[in-house]
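Working notes, structure below.
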Amino acid sequence: MIPVSRPFISELEISLVTDAVRSTWVSSIGPYMDQFEHMFAEFCGVKHAVAVSNGTVGLHLALVALGIGTGDEVIIPDLTFVATANAVRVSGAVPVFADVCRDTYCIDPAAIRRLLTPKTRAIMPVHLYGHPANMPVILEIARSNGLVVIEDAAEAHGAAIGETRTGTFGHCGVFSFYGNKIITTGEGGAITTNDDGLNVRLRYLRDHAMSKDIRYWHTEVGFNYRMTNLQAALGVAQLKQVDQFLNARAEILDRYRKKLEPAGIECNPVVDARPVNWLVTAVVDGLSRAGRDAAMGAMREAEVDSRPFFYPMSMLPMYQSERRPVAWQLSESGFNLPTFVGMTRQQIDLVCEQFLKAVGR
Ligand SMILES: *Cc1c(COP(=O)(O)O)cnc(C)c1O
């Protein structure tokens, strides 16, 4: 079976993780922690990176640190992984779902404007499948309405608009290092920010909100959202290779494009930005959800795995609300095709052949 995703683990990862284990620094204190945070901040082009246990708690920690909670509304895209909505709900705030742009699959600034209310406190754009959301316009909306911007950059390590990388536009950005993301720490995440005060507050809340001066004195409810030195060792090894990973992913996408676009398949968008290829996307206009799922079944028979686009948040039982037409339509007709470092040309060609057969092109 050709998987949709597979982490790239080399002797470097094995040797750094082994070194971390041998050092006995297995919890959240240790040299790899600091190294990982510094390397990741440098990679993004940002002052601070705060490592956390995973991307979902990173989103939650960012919301809490910025004072967003009960009584507040946070505008997020309808088409995203459920973690974006769940982090808002867990904070006590209400996620409000905006439709996405047909051309980028990311949150539509015009839809954000229509959803603003006196309770709106924040916008949480998602750089879906590696394509940056329209940050210039989103930042302008935020500025003129006094809103916080938290970027969900879990799928977009290294993506940029001009020279500015994702995760550095808003008050903060949140990344995931889950096993299928562009770099992995097993489970893990990081919050990036240029704000010194926010950096201090994130670190404080990450560690049970313990006083810096008086041990075991806590003045508010904090969390244990720490990453471990073992995970950070894996992350350091991955960060040493991230440029090669991004190049390899770009080459994989090029080959997919050459095979699929002539057959009328829409691959990953590129609109006024420098996206990265987290997952190859293939949208087949006019396909129904049933048709799409049947095609995925046919591919599986041929030992090729694939994934459907996310369900829109407004379709899920706990968030059921008004249909957002673009998100709903993309969700029905979108596939993610196998994308991983080390994928061979023959594998890509086989995936394309089986995919085109399955969708009747
Ligand atoms: C993966 C992902 C997350 C959550 O990251 P975890 O590390 O798995 O908790 C959040 N948002 C988006 C868009 C993601 O793809």
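Annotations
- Here LEU79 qualifies as at pLDDT 95 or above and out of contact with any Asp or Glu (no Cβ under 8 Å at 6 or more places or on another chain).
- Yes/no for ILE214 being touching a residue at least 24 places away in the same chain (Cβ under 8 Å) and of a type in the set (Val, Ile, Thr): no
- With respect to the conditions (1) of a type in the set (S, T, N, Q); (2) in contact with an Asp or Glu (Cβ under 7 Å, 6 or more places away or on another chain); (3) open to solvent by 40 Å² or more (accessible area, probe 1.4 Å), GLN329 falls short on a single one, namely (2).
- Any hit, region 285-295, residues being within 16 Å of THR339 (Cα to Cα) and either in contact (Cβ under 8 Å) with a residue 40 or more places away in the chain or surrounded by 22 or more Cβ atoms within 10 Å (Cβ to Cβ) (or both): no
- Among residues that are surrounded by fewer than 21 Cβ atoms within 10 Å (Cβ to Cβ), within 10 Å of the ligand (Cβ to nearest atom) and among the aromatic types (Phe, Trp, Tyr), PHE81 is included.
- Listed here are the helices (runs of 4 or more DSSP H) enclosed by region 61-150 that have at least 1 residues being within 15 Å of the chain's Cα centre (by Cα): 82-91.
- Qualifying residue in region 168-184 (condition: open to solvent by 10 Å² or more (accessible area, probe 1.4 Å), over 23 Å from ILE9 (Cβ atoms), basic (Lys, Arg) and in contact with a Phe, Trp or Tyr (Cβ under 8 Å, 6 or more places away or on another chain)): no
- Residues that are away from the ligand (no atom under 14 Å from the Cβ), open to solvent by 30 Å² or more (accessible area, probe 1.4 Å) and not in a strand (DSSP E or B), drawn from region 44-60: GLY45, LYS47
- Residue count for region 150-203, restricted to those that are under 17 Å from CYS106 (Cα atoms), within 12 Å of the ligand (Cβ to nearest atom) and small (Gly, Ala, Ser): 4
- For VAL174, the conditions (1) outside any helix (DSSP H, G or I); (2) free of Cβ contacts under 8 Å to residues at least 60 places away in the same chain are fulfilled apart from (2).
- Test: residue in region 209-217 that is among the aromatic types (Phe, Trp, Tyr) and within 16 Å of the ligand (Cβ to nearest atom): no
- Residue within region 2-19 that is within 16 Å of the ligand (Cβ to nearest atom), in contact with a Pro (Cβ under 6 Å, 6 or more places away or on another chain) and in contact (Cβ under 8 Å) with a residue 24 or more places away in the chain present: yes
The values are calculated or read from the model by the stated rules, or taken from the named source; none is laboratory data. These numbers come from a predicted model, not from an experiment. Cβ sites come from the backbone with ideal geometry, for glycine too, and all protein chains shown count toward neighbours. These accessible areas exclude ligands, DNA and RNA; they are computed on the full protein's heavy atoms, side chains included. Shrake-Rupley method; radii C 1.70, N 1.55, O 1.52, S 1.80 Å.
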